[in-house]
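The values are calculated or read from the model by the stated rules, or taken from the named source; none is laboratory data. None of these values were measured; they are calculated from a predicted model. Cβ: placed from backbone, ideal geometry, glycine included. Neighbour counts: every protein chain shown. Ligands, DNA and RNA are excluded from the accessible area calculation, which covers all protein heavy atoms including side chains. Shrake-Rupley method; radii C 1.70, N 1.55, O 1.52, S 1.80 Å.
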Amino acid sequence: MSTTNRPPAPDPKDFLAIDRLLSPEERLLRDTVRRWVADQVLPHIAEWFEDGVLPRELANELGKLGLLGMHLDGYGCPGASAVDYGLTCLELEAGDSGLRSMVSVQGSLAMFPIRAFGSEEQKQRWLPAMASGDILGCFGLTEPDSGSDPASMRTSARRDGSDWILNGTKTWISNGSVADVAIIWARTEAGIRGFIVPTDARGFSAHDITRKLSLRASHTSELVLDGVRLPDDSVLPGVTSMRGPLSCLTEARYGILWGSLGAARSCYEAALDYATTRQQFGKPIGAFQLTQRKLVDMMVAINRGLLVALHIGRMKDRGLADPRHVSLGKFDNVRAALDVAREARSVLGANGITLEYPVIRHMNNLESVSTYEGTNEIHTLILGQALTGLAAFQ
């Protein structure tokens, strides 16, 4: 038998050659974002994380790259594929979850509802400036007493002549204190409505949530609406139910099922490099069986998760992805990413808890990623209902 056509040996950093499943255009986009993250984010991210900041000007840089609202079409948005958007989230979160959150919130939670449910005038007014990063948005759904049960929200909007008056509090809002506009979901007599709220409106205030040990390179805020008066053209006319905010969450969850694997990949590659250079008992620690088992488990989890993400992305591009498919990806890929981060931390030993390496930063961030856009428990119940037809929420 001829041996001239033997396949190449597996690449430890792309063991299943998933690169070959991507088109040249997809690889080019992926590599462009990866280089930008390496040049503009990685040299500074440990300091940003430690200081609890993420520079606002990054939004303009991301806009120049065409990454804000990239999966939307028209109004300055490029209309990229779901897979392109997923690959972008993967590379951004390999830098930091806070960076990917900025892009997810802007595109999937702030721009998407305007594109999906807004009037033509609203789209023309807001989307081009948001695509460029000149206007930064946030998404107000979660409240102090309604997280996993957003339908129980207390924030209200009532008519006052031709205006609306909004009152309520939203919490755990990414981009909140640096946003120029907020998409606020409120209870009205007609149902749940979305409102476009300029953050300089009288009665609107945002207060950063401090003492976080996760997602530190991200502005997380509480929003207070105290008698905020808005004109009638501030309401999104295209939806009057929880379908509005829930559809936004599906878009954001899709980005997370890719992004979490970027954080996992960063942890795995740090552990792999460390294991082949760190010497103990006269040899690299990667030569020990227990360390090899850890590296293998990490590699398998990441490759499996990437295949799931790519499959769901291809389904989404063909219009075949149900929100429950996205729940599966968010549920399992974030869970796997957390396991990878924890395992990588153990490979690095004491060095694994310092910001000299990316692992503890990603591990802490993933604790938040596991919770937001639907907790692990909520996605479990979504999938359980999909299997049995029985709701376990009530």
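Computed from the Kirkwood radius of its Cα pairs, the Stokes-Einstein diffusion coefficient for the stretch 1-134 at 25 °C and 0.890 mPa s stands at 149 µm²/s.
Ordered from largest to smallest accessible area (heavy atoms of protein chains, 1.4 Å probe), the residues Asp180, Asp51 come out as Asp51, Asp180. Think of each Lys and Arg Cβ as +1 and each Asp and Glu Cβ as -1; about the Cα centre, that makes the dipole of the chain roughly 940 debye.
Solvent-accessible surface (1.4 Å probe) assigned to Asp39 amounts to roughly 100 Å².
Let me have the relative contact order for the chain, percent, based on Cα pairs under 8 Å that are six or more residues apart. Relative contact order, the chain: 17 percent.
Under 5 Å between amide hydrogens, built in the peptide plane, is the criterion, and for Ala179 it picks out nothing among residues at least 5 positions away or on other chains.
Measuring from centroid to centroid over Cα atoms, what is the spacing of the stretch 39-83 and the stretch 148-180 in Å? Computed from Cα coordinates, the inter-centre distance equals 26 Å. Projecting the Cα atoms of Ser218, Leu381, Thr240 onto the dipole axis of the chain, where Lys and Arg carry +1 and Asp and Glu carry -1 at the beta carbon, places Leu381 farthest toward the positive end. For Asp232, the accessible area of its heavy atoms, probed at 1.4 Å with every protein chain present, is near 70 square angstrom. Taking the inverse of the mean 1/r over every pair of distinct Cα atoms in the chain gives a Kirkwood hydrodynamic radius of 21.8 Å.
Helical runs (DSSP H, four residues minimum) scored at -39500 (n - 2.57) apiece and divided by the length of the chain put the mean residue ellipticity at 222 nm at -16000 deg cm²/dmol. Only protein heavy atoms count here; on that basis, with a 1.4 Å probe, Cys267 has an accessible area of about 0 Å². Lys/Arg Cβ at +1, Asp/Glu Cβ at -1, dipole of the chain taken about the Cα centre: which of Ser146, Ala391, Leu166 is farthest positive-ward? In the chain, that residue is Ala391. For the stretch 270-377, the Kirkwood hydrodynamic radius comes to 15.3 Å, computed from all pairs of different C-alpha atoms. Among the protein heavy atoms of the chain, carbon and sulfur supply 52% of the accessible surface, probe 1.4 Å, non-protein parts ignored. Calculated over the stretch 156-208, the projected area of the Cα convex hull averaged across directions stands at 3.8 nm².
Dividing the Cα radius of gyration of the stretch 210-250 by its Kirkwood radius returns 1.11 for Rg/Rh.
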